[in-house]
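Trainee: Below you will find the structure I want to go over with you.
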Amino acid sequence: MTAKSKSRTRPVLHGATVIALLAGSAYFTVELRKEEQAGAPAIQAVTDKPVDSGAVGEGGSQNWERLKNPARSVLRDGAGDVLATFTDGARTATLTGPSRTFSEPANTKSKVVTENWVRLMPEEWRKGAEREQWFKEWFKEYYGSEKEDLFAIAFQYGDQAPVKKDVDGTPYAGDAAFGPLNPDSVGGGDLRIEQSDFYDYLGQSYTFRNGTTMAAEPAKYRSIDCSGFIRTVFGYRARYPLMATDTFGDGLPRSSNGMARSDAGVDIIPLKGIGPADRPSSTDVLQPGDLVFFKLDSRTGQRLDHVGMYLGNDADGHKIFISSREEANGPTMGDKGGTSRLDGNGFYASTLRSAKRL
């Protein structure tokens, strides 16, 4: 569920995006032709060369460091610069790599220029894991790699994002809506119907690990709500385990409230409560890729009702996140319904309640 905005309709955007394949790499970026921009988002641009990954973690030029709050292992180069961060109990890792720029000119002036690449490891991190074989193999493959990471995947569902199809011709990425229009919105209901998950977006039934099969609703085809967006990026695409609902099995629950209160990952900003006084006093502990949880609507009682993914600082130093929203009708880092900032006293900054690292 999201906040209401005076502007209910998404602007009609003209123009087209172009897939630019990076030479020698399976990873691609999407750039706009200058003459066709017309407000469509520059989803990603890689602006420098990958860091040399040869012998990282070996010899005397790189060093491992243990830090607290949260407990984590940090890999630094000889100059002390951070090369990678791994948090105990979490599978997401932040690696330093080529600089990229994420922007969404149709809905915001913010641009996130980052050297952070957020990836999902095959196992949860634990102290000393740098000496284990699974990690050595994983790190060798992904450090310095330009294969799509969680950020790249997330922006494959933003406004004007091009359609990507699998070998069977099923579209698995491309511009996603938040949900179909709600016929009861005139009577005070939400503008759009919620509860659109990744299988609704795909238009296909999905059987979870516990044997539960969820049927896609035709009216929600190509739609994902806020928690559905996170499940699409981390679960369906990156293969983090998913629960069919909030109540049965292990993995990432269905709703934002279920995610925030679950045992999945590590609580980076613990949930203290849902009231205004429970806003975190600091967000400095956040790391790109963290899930951020909000309390937006009093009608949802004691439940948290929105979730997004933290992207890092924008070019002006503001802490920016991406989420699927009713007002923008889909995934956005824009300003419709409230600026996507976690700092200051704006709508989302003031309604932030907790954060988790998967």
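Each value in this text was obtained by applying a stated rule to the coordinates, not by laboratory testing. For clarity, every value in this text was computed on a predicted model and none was experimentally measured. Cβ sites come from the backbone with ideal geometry, for glycine too, and all protein chains shown count toward neighbours.
Trainee: Restricting attention to region 81-135, and to residues there that are within 24 Å of Ala161 (Cα to Cα) and of a type in the set (Phe, Trp, Tyr), which single residue is surrounded by the fewest Cβ atoms within 10 Å (Cβ to Cβ)?
Mentor: Here is the first cut: in region 81-135, the ones within 24 Å of Ala161 (Cα to Cα) are 97-120.
Filter once more, so that each one left must be of a type in the set (Phe, Trp, Tyr): 102, 117.
Working: Phe102: 25, Trp117: 27.
Result: Phe102.
Trainee: Taking region 326-343 as the region of interest, how many residues are assigned to a loop (DSSP other than H, G, I, E, B), out of contact with any Asp or Glu (no Cβ under 6 Å at 6 or more places or on another chain) and of a type outside the set (A, V, I, L, M)? Full working, then the answer.
Mentor: So in region 326-343, the residues assigned to a loop (DSSP other than H, G, I, E, B) come out as 326-329, 333-340, 342-343.
Remaining after also requiring out of contact with any Asp or Glu (no Cβ under 6 Å at 6 or more places or on another chain): 326-329, 335, 338-340, 342-343.
Within this subset, residues satisfying the condition of being of a type outside the set (A, V, I, L, M) are 326-327, 329, 335, 338-340, 343.
Total satisfying the criteria: 8.
Trainee: Could we say that Asp278 is surrounded by fewer than 18 Cβ atoms within 10 Å (Cβ to Cβ), in contact with a Leu (Cβ under 9 Å, 6 or more places away or on another chain) and farther than 20 Å from Ser255 by Cα here?
Mentor: Details: surrounded by fewer than 18 Cβ atoms within 10 Å (Cβ to Cβ): yes; in contact with a Leu (Cβ under 9 Å, 6 or more places away or on another chain): yes; farther than 20 Å from Ser255 by Cα: yes.
It is true that Asp278 is surrounded by fewer than 18 Cβ atoms within 10 Å (Cβ to Cβ), in contact with a Leu (Cβ under 9 Å, 6 or more places away or on another chain) and farther than 20 Å from Ser255 by Cα.
Trainee: Just need a number here: residues in region 233-244 that are touching a helix residue (DSSP H, G or I) at 6+ places or on another chain (Cβ under 8 Å) and outside any helix (DSSP H, G or I).
Mentor: Residues of region 233-244 that are touching a helix residue (DSSP H, G or I) at 6+ places or on another chain (Cβ under 8 Å), as a first pass: 233-238, 240-243.
Filter again for outside any helix (DSSP H, G or I), leaving 238, 240-243.
Selection size over region 233-244: 5.
Trainee: Looking only at residues that are among the small types (Gly, Ala, Ser) and assigned to a loop (DSSP other than H, G, I, E, B) in region 287-317, which one is surrounded by the most Cβ atoms within 10 Å (Cβ to Cβ)? Quick ask: steps written out before the conclusion?
Mentor: Residues of region 287-317 that are among the small types (Gly, Ala, Ser), as a first pass: 289, 298, 301, 308, 312, 315, 317.
From the residues that got through so far, the ones that are assigned to a loop (DSSP other than H, G, I, E, B) too are 289, 301, 315, 317.
Numbers: Gly289: 27, Gly301: 9, Ala315: 13, Gly317: 7.
Residue satisfying both the conditions and the ranking: Gly289.
Trainee: Just checking, does region 348-356 include any residue being in contact with a strand residue (DSSP E or B) (Cβ under 7 Å, 6 or more places away or on another chain), touching a residue at least 40 places away in the same chain (Cβ under 8 Å) and part of a loop (DSSP other than H, G, I, E, B)?
Mentor: No; the residues of region 348-356 include none that is in contact with a strand residue (DSSP E or B) (Cβ under 7 Å, 6 or more places away or on another chain), touching a residue at least 40 places away in the same chain (Cβ under 8 Å) and part of a loop (DSSP other than H, G, I, E, B).
Trainee: Next question, about the same structure. What are the residue pairs meeting all of these: first residue in region 107-130, first residue touching a residue at least 24 places away in the same chain (Cβ under 8 Å) and over 21 Å from Pro241 (Cα atoms), second residue among the hydroxyl-bearing types (Ser, Thr, Tyr) and part of a strand (DSSP E or B), Cβ atoms under 6 Å, and 6 or more apart or on different chains?
Mentor: Asn107/Thr332; Lys111/Thr101; Lys111/Ser103; Val113/Thr101; Asn116/Thr94
Trainee: Mind checking whether some residue in region 229-247 is out of contact with any strand residue (DSSP E or B) (no Cβ under 7 Å at 6 or more places or on another chain), more than 24 Å from Arg100 (Cβ to Cβ) and surrounded by 14 or more Cβ atoms within 10 Å (Cβ to Cβ)?
Mentor: yes
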